[in-house]
Number of protein chains: 2
Amino acid sequence: MKTMQVDVAVIGAGTAGLTAYRAAKAAGASAAIIEGGDYGTTCARVGCMPSKLLIAAADAAHAVGKAPDFGIHVDGIIRIDGREVMDRVRRERDRFVGFALREVQGIPDADRIRGHARFVNNHTIAVADHTRVAAKSVIIATGSRADYPDSFKALGDRLIISDDVFDWTDLPKAVAVIGPGIIGLELGQALHRLGVHVAVLGRGGRVGPISDPEIRAYALAAFNEEFTLEPDAHIAHMRRHGDRVAIGRTAPGGSGEIEHFDYILAATGRTPNIKGIGLENTTLKLDAKGVPSFDPMTTRTASADGASPIFIAGDASNFIPLLHEAADEGRIAGKNAARLALGKQVNPALRRAPIGVVFTDPQIGIVGGGFHSMKPGTFATGQVSFEDQGRSRILLKNKGLLNVYADLATGRFLGAEMLAPAAEHLAHLLAWALQNKMTVAQMLEMPFYHPVIEEGLRTALHDLDVKLRAAQANLGKAA
Amino acid sequence: MKTMQVDVAVIGAGTAGLTAYRAAKAAGASAAIIEGGDYGTTCARVGCMPSKLLIAAADAAHAVGKAPDFGIHVDGIIRIDGREVMDRVRRERDRFVGFALREVQGIPDADRIRGHARFVNNHTIAVADHTRVAAKSVIIATGSRADYPDSFKALGDRLIISDDVFDWTDLPKAVAVIGPGIIGLELGQALHRLGVHVAVLGRGGRVGPISDPEIRAYALAAFNEEFTLEPDAHIAHMRRHGDRVAIGRTAPGGSGEIEHFDYILAATGRTPNIKGIGLENTTLKLDAKGVPSFDPMTTRTASADGASPIFIAGDASNFIPLLHEAADEGRIAGKNAARLALGKQVNPALRRAPIGVVFTDPQIGIVGGGFHSMKPGTFATGQVSFEDQGRSRILLKNKGLLNVYADLATGRFLGAEMLAPAAEHLAHLLAWALQNKMTVAQMLEMPFYHPVIEEGLRTALHDLDVKLRAAQANLGKAA
């Protein structure tokens with residue numbers, strides 16, 4: 001067995017790991033990056049990029065279907081060529097993966113170690129059976145994987161996860177998506193728009209990351225106009241039936257209904273890849289799910305005695321499984337791990353205003369901690385419906401509801417939840433305003449062009465402003 | 001002749017006038033609003049709204065044409081039904097006009113005066129031959145109209161302006177658009193995408209509102225991939241030829257070329273409606289074009305002796321002919337005219353960060369005063385091409401170039417010019433950053449989701465940041 005000594009060992013060569021490695025080197029440390037699986041990031045291989053490619057095709061098909069409302073007719077048949085659709089998805093996916101691979105290839109051979117990593121102790125990692133890495137500090141950046149209940153396994157090869165979709169060479173006829181989270185909603189709607197019969201079924205009522213009951217109810221109704229979305233479905237059984245799967249649902253009335261699908265797509269969540277990496281050989285404090293406790297500002301994990309030389313970044317931390325956050329965490333972890341190894345102080349770093357986007361149509365946008373994070377009675381809500389919003393109506397995208405929140409005492413903008421056209425853009429405008437600590441009054445002093453979807457946001461801010469003023473007037477009276 | 005006394009008289013019931021009237025009343029003044037033409041705003045009748053409706057149809061047709069690149073095929077014929085296209089444009093236009101009319105109807109009869117207004121002196125307006133209005137202050141909000149050289153008139157009914165397009169009941173076969181300004185580019189590209197043979201011809205090389213030569217060159221090439229755009233065309237003659245118009249162009253090589261069109265669309269600019277309103281009977285100082293000089297912060301015009309009771313707002317001022325600016329100016333004028341009438345002080349008001357959007361595809365966006373407003377040597381430029389930008393490529397919208405500018409001494413963001421996908425949204429993000437006086441370094445601390453078009457903007461800001469740091473390092477050396 002080879003031995004190796006470095007300042008910083010990074011476990012995992014995905015987005016967080018690659019960023020951490022670069023940051024550690026930039027901070028003057030020696031570093032090694034260990035990868036046990038294929039190179040290439042979750043985002044490029046099976047995440048953001050291929051899902052957005054599938055959605056782009058789905059939206060193209062949807063746009064063709066909507067064109068007659070503008071006076072543009074197709075005299076003939078709209079044919080969705082599943083092979084071509086999936087060919088573009090895989091081809092462009094491979095191109096994005098290629099960028100990730102090129103980045104790995106740019107790392108000196110001496111710093112790259114292949115094989116499964118396992119902690120021997122806080123400072124020592126065994127890689128497969130060939131290398132022992134002694135490191136002054138370690139970064140866990142092992143990512144996450146799709147997870148589902150064991151009972152699903154009986155479905156055999158009819159059970160798939162989102163990863164599998166992007167290797168399809170053609171589209172199936174019918175898919176049941178279990179789990180109306182971000183991935184379930186995105187893939188469910190996209191497959192529906194590509195002509196696949198889809199039902200998105202869940203338990204507990206969750207609709208994506210929405211926590212505001214008004215926005216959730218609106219989204220539920222809006223999606224159901226297009227495809228079956230039952231976030232609180234009563235699934236009596238789910239059984240293999242020849243080459244297909246039969247799902248029996250208990251209808252609210254009591255009569256059962258059985259439907260057949262080619263695949264069950266388990267979109268029931270992701271779990272950090274932290275099993276089997278020898279955390280039990282470290283001194284780390286683990287939470288109830290077995291994930292190391294850590295400080296998001298420094299990414300440093302905690303031992304029983306407080307100080308740990310181990311950092312954690314990206315999906316492995318189960319914190320915010322988003323690419324831009326993984327990159328930030330990788331940067332913070334790499335820099336701090338290097339500083340610790342070089343005898344310097346570990347520093348808290350910038351965390352950006354929270355922003356979340358689901359690329360459905362309309363899109364879902366969440367800015368700030370979301371409705372559920374705020375204390376009732378401390379905030380006011382402003383609202384706009386996009387159903388009569390000028391620009392949205394021009395584009396025939398006039399579906400959506402947006403709630404903006406502000407602190408009653410200070411008038412400070414706190415965040416937003418929305419199902420809205422162009423939510424990916426509105427969410428940026430709002431997240432920047434949040435990070436800039438703007439008040440609602442200041443936001444209303446900003447320019448809004450005409451005619452734009454942002455004018456809908458202004459309507460919601462006006463509504464919020466009126467409520468804030470009323471509340472302040474009441475406070476004045478009470479005083 | 002009836003006589004009437006008010007605190008504030010508003011001439012013109014368009015966007016600026018209506019806003020001014022409301023603001024004057026809200027400030028406690030009595031007010032009258034005079035309209036000589038049809039009610040309804042330029043924006044709703046012949047401006048922003050109908051043009052965006054036409055563009056929405058054009059983009060729908062374009063999307064159908066692009067669908068095969070995603071694997072979505074039309075086995076048959078794509079038929080652009082000109083009657084249906086124009087029917088939706090007119091129907092929705094009428095709906096938007098209806099909102100404007102309803103607003104007018106909400107004004108008490110006693111405050112509304114119909115007829116052509118003409119100044120008798122600074123404080124007196126004659127309306128047609130029936131009313132004489134004595135006002136403590138007056139607001140000119142007479143708007144603007146399309147303007148073209150007298151020589152065009154020989155084309156008779158083959159000569160049209162943008163207003164006429166929105167009354168079409170069907171699409172013509174071929175249109176030459178003279179003037180590649182905002183309206184010319186928007187309508188030219190839209191008509192082209194709706195199957196009309198189009199040539200957009202200009203003189204002097206201007207491409208919309210772009211002043212940055214790099215962005216201009218890129219835009220010129222990009223538009224020319226799709227339709228003929230000659231911003232510096234050599235038109236030898238333009239003659240009526242039966243039911244059509246023949247345009248003879250001198251090619252760079254010398255050989256002439258004659259092309260026939262159904263219409264010549266004069267998009268050669270707009271002129272404020274200030275002729276024939278008796279400005280010669282006031283004491284106002286006029287600029288070279290006959291437009292009253294005024295202070296944009298108060299909207300108050302100037303007399304030879306400094307103080308004038310007359311304000312000006314909206315397109316009539318020839319300042320920034322955009323709806324949101326007209327509304328702001330109306331608000332400022334109404335409030336200040338009321339204050340003056342009530343013996344209070346006239347106050348400077350908030351002007352928002354400049355933002356301009358052209359709804360072509362890709363869109364043009366201008367934030368701040370634009371390239372031409374900055375002093376060479378005082379600023380740095382960061383750039384991104386959207387041709388390889390991830391999200392843009394996913395959407396097959398990967399065409400565009402964006403330049404961002406910052407002050408070399410302070411690192412403060414100064415503005416941007418772009419031809420870019422989603423420029424209407426990027427421009428808002430940047431205009432808010434400009435009004436918030438952000439530095440480029442601060443902008444890079446803001447969240448950028450993945451994968452989004454805003455990441456392209458981040459690339460440009462990174463590029464700008466590197467240049468600012470290099471310049472500051474050089475300054476350090478020099479010191």
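Each reported figure results from applying straightforward, stated rules to the coordinates on display, with no laboratory input. Only a predicted model underlies this, so the values are computations on that prediction, with no experimental measurement involved. Reconstructed Cβ throughout: ideal geometry from the backbone, glycine too, with neighbour counts over all protein chains shown.
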7 Å along Cα→Cβ, label-point gaps from A:R240 to other copies, nm, shortest first:
8.2
For B:F311, enumerate residues with amide H under 5 Å from its amide H, sequence gap 5+ or separate chain, H modeled in the peptide plane.
B:V138, B:I139, B:I140, B:T301
For B:H116, list long-range residues whose amide hydrogen, built 1.01 Å from N in the peptide plane, is under 5 Å from its own amide hydrogen.
B:A128
Whichever lysines have a C-alpha closer than 18 Å to that of B:K173, once near sequence neighbours (fewer than 8 apart) are set aside
none
Number of partner chain Cβ atoms within 10 Å, mean per residue of A:50-57
4
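To make sure I understand, if each residue's beta carbon is the centre and we count other beta carbons within 10 Å, what order do A:M374, A:M86 fall in, fewest to most? Walk me through the intermediate numbers first.
On the way: A:M374 18, A:M86 24.
If I rank by nearby Cβ atoms, fewest first, I get A:M374, A:M86.
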Among the lysines, which fall within straight-line cross-link reach of B:K66, defined as a Cα-Cα distance under 21 Å, with same-chain neighbours fewer than 8 residues apart omitted?
A:K52, A:K66, A:K397, B:K52, B:K397, B:K399
With +1 on each Lys and Arg Cβ and -1 on each Asp and Glu Cβ, and nothing else charged, work out how big the dipole of the stretch B:236-335 is about its Cα centre, in Debye to the nearest 20.
160 debye
Structure-based [θ]222 nm, the protein assembly as shown - -39500 (n - 2.57) summed over DSSP H runs of at least 4, per residue, nearest 500
-10000 deg cm²/dmol
Calculate one ³J(HN,Hα) per residue across the stretch A:204-211 by plugging θ = phi - 60° into the Karplus curve 6.51 cos²θ - 1.76 cosθ + 1.60, and present them in order as whole Hz with x for glycine and proline.
x, x, 5, 10, x, x, 6, 10
Taking the number of other C-beta atoms within 10 Å as the exposure measure, put A:H130, A:H462, B:H197, B:H450 in order starting with the fewest.
A:H130, A:H462, B:H197, B:H450
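Within 10 Å of each Cβ in peptide A:440-448, how many partner chain Cβ atoms are there on average? Round it to a whole number, please.
Details: counts 0, 0, 3, 1, 0, 6, 10, 16, 8.
Per residue, the average neighbour count from other chains is 5.
Go through the stretch B:400-479 and name the trypsin sites (Lys or Arg not before Pro) that are in a DSSP coil and have 14 or fewer other Cβ atoms within 10 Å of their Cβ. Spell out each step's value before the answer.
Values: sites: B:R412, B:K437, B:R458, B:K467, B:R469, B:K477; in loops: B:K437.
Filter output for the stretch B:400-479: B:K437.
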Sorting from shortest, the nanometre distances separating the label point of B:D150 (7 Å past Cα along the line to Cβ) from those of the same residue in the other copies are 9.4
Compute the distance from the alpha-carbon center of the stretch B:33-59 to that of the stretch B:221-279, in whole Å.
23 Å
In whole Hz, with x marking every Gly and Pro, tabulate ³J(HN,Hα) for the stretch B:349-364 from phi via Karplus 6.51 cos²θ - 1.76 cosθ + 1.60, θ = phi - 60°.
10, 5, 10, 7, 4, x, 9, x, 9, 10, 8, 7, 9, x, 6, 9
Could you go through the stretch A:218-227 in sequence order and give the Karplus-derived ³J(HN,Hα) for each residue, using 6.51 cos²θ - 1.76 cosθ + 1.60 with θ = phi - 60°, rounded to whole Hz, and x for Gly and Pro?
5, 5, 4, 5, 5, 5, 5, 5, 10, 8
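Nothing charged except the Cβ atoms of Lys and Arg (+1) and of Asp and Glu (-1): what's the magnitude of the dipole of the stretch B:339-448 about its Cα centre? Round to the nearest 20 debye. Don't skip to the answer; put the middle values down first.
Values: 11 positive and 7 negative charges, 103 e Å.
Dipole of the stretch B:339-448, to the nearest 20 debye: 500 debye.
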Residue farthest toward the positive end of the dipole of the stretch B:25-86, with Cβ of Lys/Arg at +1 and Asp/Glu at -1: which of B:H62, B:G37, B:A27?
B:A27
Pairs B:K375/B:K477; A:K136/B:K477; A:K467/B:K25: which exceed 30 Å Cα-Cα?
A:K136/B:K477
Considering only the label points, 7 Å along Cα→Cβ from Cα, what distances in nm to one decimal separate B:T283 from the same position in each other copy, shortest first?
8.7
May I ask which residue of chain B has the beta-carbon nearest to the axis carrying chain B onto chain A, and at what distance in whole Å?
B:G76, 1
Cβ neighbours within 10 Å from other chains - mean over A:41-49
2
